[in-house]
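Participant: Got a structure here, written out as structure tokens. Questions coming.
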């Protein structure tokens with residue numbers, strides 16, 4: 001019992017070692033709110049499945065700092081997003097615009113589903129057509145012998 005208690009205590013204390021210091025926020029809460037609003041519209045180039053606001057990657061932290069700095073300089077949200085898009089391309093936008101360069105991003109999933117459905121229907125149609133097998137007389141005779149021998153074994 002005492003060993004289990006000591007082990008539990010050690011595990012709890014070990015968790016504190018994994019904790020990190022909180023990221024420094026802007027002195028101005030409104031500035032921090034605007035920064036996070038813009039950062040939530042931008043994809044993290046490292047993580048790719050998180051926004052810059054959610055990501056803990058070093059690059060995401062640097063990008064949040066750049067956003068904060070540009071807002072301090074008086075730039076608008078549109079100007080900051082435009083700067084990031086010019087630097088990283090449409091890929092950095094969490095919701096990229098619908099245009100020729102992002103056509104695959106928007107239509108790709110639908111095309112994959114469509115191709116999958118076409119493949120499924122093609123396979124099902126082939127299975128329906130191939131239900132009957134044409135055997136030669138020799139193959140019929142051999143199949144008959146196999147079935148008879150199987151029936152005899154089951155009866156024993």
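The values are calculated or read from the model by the stated rules, or taken from the named source; none is laboratory data. Computed from a prediction, not measured in an experiment: that's the story for all the values here. When we count neighbours, we look across all protein chains shown, and the Cβ atoms used for this are built from the backbone with ideal geometry, even at glycine.
Participant: Would you tally the residues in region 106-141 being modelled with pLDDT under 85, in a loop (DSSP other than H, G, I, E, B) and surrounded by fewer than 10 Cβ atoms within 10 Å (Cβ to Cβ)?
Facilitator: Summing the residues that are modelled with pLDDT under 85, in a loop (DSSP other than H, G, I, E, B) and surrounded by fewer than 10 Cβ atoms within 10 Å (Cβ to Cβ) in region 106-141 gives 5.
Participant: Restricting to region 46-102, count the residues that are in a loop (DSSP other than H, G, I, E, B) and over 20 Å from residue 32 (Cα atoms).
Facilitator: Number of matching residues: 10.
Participant: Across region 92-109, what is the number of residues that are in contact with a helix residue (DSSP H, G or I) (Cβ under 9 Å, 6 or more places away or on another chain) and either free of Cβ contacts under 8 Å to residues at least 24 places away in the same chain or more than 30 Å from residue 28 (Cβ to Cβ) (or both)?
Facilitator: Qualifying residue count for the region: 8.
Residue-wise test of (1) closer than 17 Å to residue 29 by Cα; (2) buried (at least 17 other Cβ atoms within 10 Å of the Cβ); (3) touching a residue at least 60 places away in the same chain (Cβ under 8 Å).
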| position | (1), (2), (3) |
| --- | --- |
| 49 | no, no, no |
| 56 | no, no, no |
| 60 | no, yes, no |
| 64 | yes, yes, no |
| 69 | yes, no, no |
| 74 | yes, no, no |
| 77 | yes, no, no |
| 80 | no, yes, no |
| 83 | no, no, no |
